[in-house]
């Protein structure tokens, strides 16, 4: 009888751990969705704006692997300040991942927004509300193009 209670107790503890993991996953997914929809990283160029400041990469409750899975084809990788792919087409308001694969910090600019990406760091950028072609630079040199439709 004691063995049966031990098995049941182990099962209940395992089930509780699984529930906590699922709840954590749902919370993280909800936060990622809110971040993608928030528009905090608007790239809309405005000629009346003051010169762009430097924004640091946002703190995300997202691992690198999860971000790669989530953004898939909507990810610019920067290796030696060369953007791959060279261009991505997105809809207005879509988000893209900026992925620094170098062992040193780089400053990535899209339109008037600047992102300081640490070594092997990443950031999520919103394409904004205006259609157009936005040059992406890495440390001031040309790297890729974001086409917003």
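The values are calculated or read from the model by the stated rules, or taken from the named source; none is laboratory data. The structure displayed is predicted, hence computed values, not measured ones. Glycine gets a Cβ as well: all are built from the backbone with ideal geometry, and neighbour counts include every protein chain shown.
Odds and ends about this structure:
- Among the residues listed as 109, 97, the single one being buried (at least 19 other Cβ atoms within 10 Å of the Cβ) and in contact with a helix residue (DSSP H, G or I) (Cβ under 7 Å, 6 or more places away or on another chain): 97
- Verdict on residue 135 being in the same structural domain as residue 61 (by TED's automatic domain parsing), in contact (Cβ under 8 Å) with a residue 40 or more places away in the chain and not in a loop (DSSP other than H, G, I, E, B): no
- Among the conditions (1) modelled with pLDDT under 90; (2) assigned to a strand (DSSP E or B); (3) over 15 Å from the mean Cα position of the chain (by Cα), residue 83 misses just one, which is (1).
- Residue in segment 86-94 that is touching a strand residue (DSSP E or B) at 6+ places or on another chain (Cβ under 7 Å), closer than 23 Å to residue 62 by Cβ and crowded, with 21+ Cβ neighbours inside 10 Å present: no
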